[in-house]
Amino acid sequence: MSGRVFLYRIYSINVDVKATPQKILFIGKVWPEPGSSAAGSRMMQLISLFQKTDWNVIFASAASESEFAADLQEKGVETKHIELNNSSFDRFAHSLQPDIVLYDRFMTEEQFGWRVAEQCPEAVKVLDTEDLHCLRSARYHAWKKGVRFEPEMLLTEETAIREIASILRCDLSLIISEAEMKLLTGLFKIDKTLLFYLPFMLEKMDHSANLQLPDFDERSGFVTIGNFLHEPNRNAVYWLKEKIWPLIRKQLPEAELRIYGAYPSQQIFQLHNPGEGFFVMGRAESAREVIENAKVLLAPLRFGAGLKGKLVEAIQYGTPSVTTGIGAEGVQGNGNWCGLIAESAESLADAAFELYTNPELWNRSKMNGFEIINSRFDKTKFKKPFIEKIQSVRDNLELHRNRNFPGKMLRHHTMNSTKYLSKWIEEKNT
């Protein structure tokens, strides 16, 4: 998952289940920053969902906590700082005995999976992939080589070996994009019972929401936004600076582009050039304010995976966008897009000019975005089926695991190798 934060209001739902799990342990790669990335907002969505179904939520991470991290304790979440390659986690997990353990990204499962298996064997293991890291990596390598990406390239991608193994070891993996579901079930032949399609869960958008947003004549300028720790976002900004923006300025000499995002490097700030209408602004105090006052959002992503939070957020704020097929992947539905899709620098610049100067196209794109939210990301379509799936796996855990024989083999062999490597590192550290 790449890009920016989006709204994550979650409301309670009624689910008729026999026994709701009492405790769920989230093991985070990082502490969630919903104001910095779509991944942070996604994590807050999941936390809120479980809280609203009366589960006790515990969030643990070995990462350092930043000043931008969400205040989980204020939201009623118990927090725990844990250490990598340290048996103190074993004592913590054994004492807690959670009903469900949710890993944030596959590398977290690699680090803690064997410990959870030993200390909490009956806990349901859920992997939130965020996006397929192997897909993003393979696309990046194809771009660097200047070749067209083909799905079969994933079969030689080292990250794919690790990520698919992690999916197989878990009882259930949450997949955020339909495109990634197809890759997993088609190319990698993963049983559908191990996967659950769970995209962004958002509120419907109606006429009243539209009335609260600035219209075409009240907006000006272009905007792009995204966490600069994410390579696809950095790459897109460099492409804008070197190729796309000069072409846009030829057609719109007075146009301005403002670039926002968390954690910009000094190299990114050096791209700032007011004379060219190219403004590097850094972290946005209010993502909504900067997006909904812009006329068009630019997201020229040349590689990536998952759902792009910046584009979903632009829809919510009524801002049409210009992006690539990779940017629209997983968001676009039924051929509609909330703007225009192009691939080359020239066609992206032409699309930006057309969308910026054509009120009829702009308004149609804006309304297409509302339809995308309502038809593809309506929260009411996913919450109850998700909780019921979790409960079904939990009620039939032994059978579920026995039927996943490849996962059973992987848990036996790879867990042992990871276990002894971790023990060796712990011994070396002490």
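Taken along its principal axes, the alpha carbon cloud of region 207-376 reaches lengths of 42, 33, 32 Å, longest axis first. Across 365, 41, 286, mean-square fluctuation computed from a Gaussian network of the chain (C-alpha pairs under 10 Å connected) peaks at 286.
Overall shape of the chain was characterised from the C-alpha gyration tensor. The equivalent ellipsoid obtained from it has semi-axes of 38, 23, 21 Å, in decreasing order. Comparing 194, 397, 257 in a Gaussian network model of the chain, where Cα atoms under 10 Å apart are tied by springs, the biggest mean-square fluctuation is seen for 397.
Which is the longest run of the chain containing none of the trypsin sites (Lys or Arg not before Pro) found in DSSP loop states (not H, G, I, E, B) with at most 11 other C-beta atoms within 10 Å?
Numbers: sites that count: 9, 18, 148, 189.
Between exposed loop sites, the widest span is 190-430.
Of 259, 291, 387, the residue with the greatest mean-square motion in the GNM of the chain, using alpha carbon springs below 10 Å, is 387.
Name the shape class, rounded, prolate or oblate, that the alpha-carbon gyration tensor gives for region 328-380, where a ≥ b ≥ c are the square roots of its eigenvalues, rounded holds for a/c under 1.5, and otherwise prolate holds if a/b is larger than b/c and oblate otherwise.
Numbers: a/c = 3.71, a/b = 1.65, b/c = 2.25.
The shape class here is oblate.
Sorting the Cα pairs of region 57-132 by distance into bins of 10 Å, from 0 upward, gives 17, 52, 29, 2 percent per bin.
DSSP loop (so not H, G, I, E, B), at most 15 other Cβ within 10 Å: list which GluC sites (Glu not before Pro) in region 283-366 pass both filters. Don't jump to the answer; show the numbers that get you there.
Working: sites: 285, 289, 292, 313, 329, 343, 346, 354, 360; in loops: 285, 329, 343.
Listed in order of number, the matching sites are 285, 343.
In the chain, helices alone account for a calculated mean residue ellipticity at 222 nm of -13000 deg cm²/dmol, with every DSSP H run of four or more residues adding -39,500 (n - 2.57). Count neighbours as other Cβ atoms within 10 Å of each site's Cβ, and list the GluC sites (Glu not before Pro) in region 31-101 that are DSSP loop with at most 16 such neighbours. Of the GluC sites (Glu not before Pro), the ones in loops of region 31-101 whose Cβ has at most 16 other Cβ atoms within 10 Å are 65, 67, 83.
Can you pick out the pairs among 80/381; 29/383; 366/389 whose Cα atoms lie more than 26 Å from each other? With Cα atoms farther than 26 Å apart: 80/381; 366/389.
Each value in this text was obtained by applying a stated rule to the coordinates, not by laboratory testing. These figures come from a predicted structure and were not determined experimentally. Backbone-built Cβ (ideal geometry, glycine too); neighbour counts: all protein chains shown.
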